[in-house]
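Peer 1: Once you've had a glance at the structure underneath, I'll fire off some questions.
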Amino acid sequence: MDTVLRSRSGEVVIGPDSPFCIIGERINPTGRKIFQEQLRRGDLSRIEIDVAQQVAGGAMVLDVNMGAPLADETELMVQAVRLIQGACDLPLCLDSSIIEVLEAGLAAYEGKALVNSITAEDERMDAILPLVKRHGAAVIALPNDEEEIPAEPGRRVELARKIIDVATGKYGIPIEDIVIDPLAMPVGADTSLVLTTLETIALLHEEFGVNMTLGASNVSFGMPERAAIVAAFLPMAIKAGLTSAIVDARSPELVRSVKAADLLLNRDPWGAAWIAAHRAQQAAAAT
């Protein structure tokens, strides 16, 4: 099952037989005070740097979040979408909890975007899924509702089933355009939580065959040497059925772990991508 995203002139396929999809997380003001202040002033110049760094790092899709406090998030999203689409040909993942922001971003976007995100809450689904359908987008779905973030993998699967049933049955959204987030929780809070995520991925893969994504950095939150933890986690998750992740595409350690997993899981025929990346690195070092 393939989820196909498009920009003005490019296309990315997320699927079990395709290279693992790296979604760059950097265009987000959370935890970035200087960037927040720039956005409040309407200064989007930092985005161009973020785009260039993530493209160079190996991002295949770019997550775009303009949720800076006290800023006009709707207008910033429109401007950011247009700016990024003029700077690169990668598809975008439009990331907001505000309906109006998503609607404006989808209206400005040229291609087929990924919407981040919905939950199993009825009100949330009924607000966002019509937008997804109308604009022909794909959507990330989190299996939690207003009552809980489920601790049990089986309950997460139940809520994923609810989302899939509503999206496909009520709104006519193809199942391949529903990307489930199995909920990555921090290992620093409880060392069993990542095992729960991995079990959830395996169950979702077995039952629905859907594509999946998650915020990979959540796994390492609160721990030292975070990149090493995420780099170890990603190949485990890929083997379980994860097909994409929102990560820091500027991190060579994380990108290499993904590319190595592609090679070892026979998603990189003859190791062509791995060898090409190595040669490019050698050439860059020689200049």
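This table checks each residue for (1) among the aliphatic types (A, V, I, L, M); (2) under 22 Å from S18 (Cβ atoms).
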{"residue": "I173", "(1), (2)": "yes, yes"}
{"residue": "S192", "(1), (2)": "no, no"}
{"residue": "F208", "(1), (2)": "no, yes"}
{"residue": "G241", "(1), (2)": "no, yes"}
{"residue": "T287", "(1), (2)": "no, no"}
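Peer 1: Is it fair to say G222 is out of contact with any helix residue (DSSP H, G or I) (no Cβ under 7 Å at 6 or more places or on another chain) and outside any helix (DSSP H, G or I)?
Peer 2: yes
Peer 1: Could you count how many residues in segment 81-100 are in contact with a Leu (Cβ under 8 Å, 6 or more places away or on another chain), surrounded by fewer than 24 Cβ atoms within 10 Å (Cβ to Cβ) and among the aliphatic types (A, V, I, L, M)?
Peer 2: 5
Peer 1: Of the conditions (1) modelled with pLDDT of 95 or more; (2) hydrophobic (A, V, I, L, M, F, W, C); (3) in contact with a Lys or Arg (Cβ under 7 Å, 6 or more places away or on another chain), I23 clears all except one; give me its number.
Peer 2: (3)
Peer 1: Okay, next question. Being more than 21 Å from the chain's Cα centre (by Cα), touching a residue at least 40 places away in the same chain (Cβ under 8 Å), assigned to a helix (DSSP H, G or I) and surrounded by 13 or more Cβ atoms within 10 Å (Cβ to Cβ) narrows it down to one of A237, A273, A261, so name that one.
Peer 2: A273
Peer 1: Does at least one position in segment 20-37 carry a residue that is under 27 Å from I180 (Cα atoms), in contact with a helix residue (DSSP H, G or I) (Cβ under 6 Å, 6 or more places away or on another chain) and either surrounded by fewer than 20 Cβ atoms within 10 Å (Cβ to Cβ) or of a type in the set (F, W, Y) (or both)?
Peer 2: Yes, because at least one residue in segment 20-37 is under 27 Å from I180 (Cα atoms), in contact with a helix residue (DSSP H, G or I) (Cβ under 6 Å, 6 or more places away or on another chain) and either surrounded by fewer than 20 Cβ atoms within 10 Å (Cβ to Cβ) or of a type in the set (F, W, Y) (or both).
Peer 1: Quick one: how many residues across segment 122-160 are in a loop (DSSP other than H, G, I, E, B) and either at pLDDT 95 or above or farther than 27 Å from P91 by Cβ (or both)?
Peer 2: Adding up the residues that qualify gives 12.
Peer 1: So which helices (runs of 4 or more DSSP H) stay within segment 1-89 end to end and still have 3 or more residues that are touching a Phe, Trp or Tyr at 6+ places or on another chain (Cβ under 7 Å), without any contact (Cβ under 8 Å) to a residue 60 or more places away in the chain and more than 14 Å from G111 (Cβ to Cβ)?
Peer 2: In segment 1-89, there are no helices (runs of 4 or more DSSP H) which contain 3 or more residues that are touching a Phe, Trp or Tyr at 6+ places or on another chain (Cβ under 7 Å), without any contact (Cβ under 8 Å) to a residue 60 or more places away in the chain and more than 14 Å from G111 (Cβ to Cβ).
Peer 1: Please list, ordered by first then second residue, the pairs with beta carbon atoms under 6 Å, 6 or more apart or interchain, first in segment 116-128 and in contact (Cβ under 8 Å) with a residue 12 or more places away in the chain and within 12 Å of P143 (Cα to Cα), second of a type in the set (G, A, S) and buried (at least 20 other Cβ atoms within 10 Å of the Cβ).
Peer 2: Correct list of pairs: I118/A141.
Peer 1: Can you find even one residue in segment 204-212 that is in contact with a strand residue (DSSP E or B) (Cβ under 8 Å, 6 or more places away or on another chain), of a type in the set (S, T, N, Q) and crowded, with 20+ Cβ neighbours inside 10 Å?
Peer 2: Yes, the conditions are met somewhere in segment 204-212.
Peer 1: Sticking with this one: How many residues does segment 190-204 contain that are in a helix (DSSP H, G or I) and not hydrophobic (A, V, I, L, M, F, W, C)?
Peer 2: 4
Peer 1: Consider D95 carefully, then state whether it is modelled with pLDDT of 95 or more and either among the aromatic types (F, W, Y) or over 22 Å from S7 (Cα atoms) (or both).
Peer 2: no
Peer 1: Got a sec? Which of E176, E147 is under 18 Å from the mean Cα position of the chain (by Cα) and more than 26 Å from G86 (Cβ to Cβ)?
Peer 2: One residue alone meets the criteria, E176.
The values are calculated or read from the model by the stated rules, or taken from the named source; none is laboratory data. Note that the structure is predicted; figures quoted are calculated from it, not measured. Positions of Cβ are generated from backbone atoms using ideal geometry, with glycine treated the same way; all protein chains shown enter the neighbour counts.
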